[in-house]
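> Sending over a structure as structure tokens; questions will come in a sec.
The values are calculated or read from the model by the stated rules, or taken from the named source; none is laboratory data. Quick caveat: nothing in here was measured; it's all calculated off a predicted structure. Please note: Cβ atoms are built from the backbone with ideal geometry, for glycine as well, and neighbour counts cover all protein chains shown. Just the protein is used for accessible areas: all its heavy atoms, side chains included, with ligands, DNA and RNA removed. Shrake-Rupley method; radii C 1.70, N 1.55, O 1.52, S 1.80 Å.
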Amino acid sequence: KQEVTQIPAALSVPEGENLVLNCSFTDSAIYNLQWFRQDPGKGLTSLLLIQSSQREQTSGRLNASLDKSSGRSTLYIAASQPGDSATYLCAVSYTGANSKLTFGKGITLSVRP
Amino acid sequence: NAGVMQNPRHLVRRRGQEARLRCSPMKGHSHVYWYRQLPEEGLKFMVYLQKENIIDESGMPKERFSAEFPKEGPSILRIQQVVRGDSAAYFCASSPIHGFGKNIQYFGAGTRLSVL
């Protein structure tokens with residue numbers, strides 16, 4: 001069974017801290033992996049997408065890495081800000097360019113001023 | 001270029017009624033996905049459609065749920081005879097026809113269904 005796990009479910013950090021969000025997946029034969037952000041009552045915003053052949057992707061203060069062999073991905077957020085407070089979801093695609101995403105339950109991040 | 005549009009944003013139904021959720025994909029996108037987010041749960045895939053075709057419905061409940069994506073107009077997720085357990089947020093996503101190595105799915109804001 002293909003499962004995606006995100007632990008812990010919630011995280012609270014002071015503003016300015018660098019932090020790492022973890023994602024693990026049981027089946028390493030992924031096609032790609034995406035990190036999303038979800039604000040309360042809102043939809044999902046794609047942050048970064050990593051192809052299975054890539055090791056990392058960067059966008060601004062965000063860096064996502066992928067280790068297929070160990071079934072892990074991390075989202076690194078540098079110099080966290082209160083505006084980063086949201087739920088971060090990890091999702092994997094297994095079967096090609098257009099296929100369903102399998103999501104983790106997400107990590108709810110709170111950045112304290 | 002407008003994003004993925006879902007309506008209504010909020011829908012209240014009584015048990016036994018029908019719910020119809022609409023999704024208009026981004027311009028130029030011909031692939032639509034529906035996901036459901038139950039309280040305290042992650043998003044779960046329901047169905048993947050292209051114009052006039054259901055490609056993968058492995059996540060759809062066997063009864064009461066159906067989806068379509070006609071040649072013209074929005075994609076519709078239809079839930080017949082709703083029950084309280086259907087209360088959830090339903091998200092639609094779309095991706096472009098040429099998803100070469102990308103499969104970036106763009107999500108709508110969701111429809112929050114409440115069954116009384």
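> Taking each residue in A:101-110, count the Cβ atoms of any other chain within 10 Å of its Cβ, then average. What number comes out?
Mean inter-chain Cβ contacts per residue within 10 Å come to 3.
> Per residue of B:32-42, what is the mean number of Cβ atoms on other protein chains within 10 angstrom of that residue's Cβ? It would help to have the intermediate numbers written out before the result.
Details: counts 0, 4, 1, 5, 0, 6, 0, 0, 2, 3, 11.
Neighbouring Cβ atoms belonging to other protein chains average 3 per residue here.
> Please work out whether segment B:21-116 counts as rounded, prolate or oblate from its C-alpha gyration tensor, where a ≥ b ≥ c are the square roots of the eigenvalues and a/c under 1.5 means rounded, while otherwise a/b larger than b/c means prolate and anything else oblate?
prolate
> Counting other Cβ atoms within 10 Å, keep those with at most 13, restrict to DSSP loop, and tell me which GluC sites (Glu not before Pro) in segment B:23-87 are left.
Those satisfying the criteria are B:Glu40, B:Glu41, B:Glu52, B:Glu63, B:Glu72.
> Could the peptides B:6-16, B:25-35, A:34-44 be put in order, highest first, of the mean number of other beta-carbon atoms found within 10 Å of their residues?
Numbers: B:6-16: 13.7, B:25-35: 20.1, A:34-44: 18.4.
Listed from highest to lowest mean packing, they are B:25-35, A:34-44, B:6-16.
> To the nearest 10 square angstrom, how much accessible area does A:Cys23 have with a 1.4 angstrom probe?
Its heavy atoms expose roughly 0 Å² to the probe.
> What part of the accessible area of chain A, given as a whole %, is carbon or sulfur when the probe is 1.4 angstrom?
Reported share for carbon and sulfur atoms: 48 percent.
> Reachable lysines from A:Lys68, Cα under 21 Å, same-chain residues fewer than 8 places away excluded?
A:Lys1, A:Lys100, A:Lys105, B:Lys102
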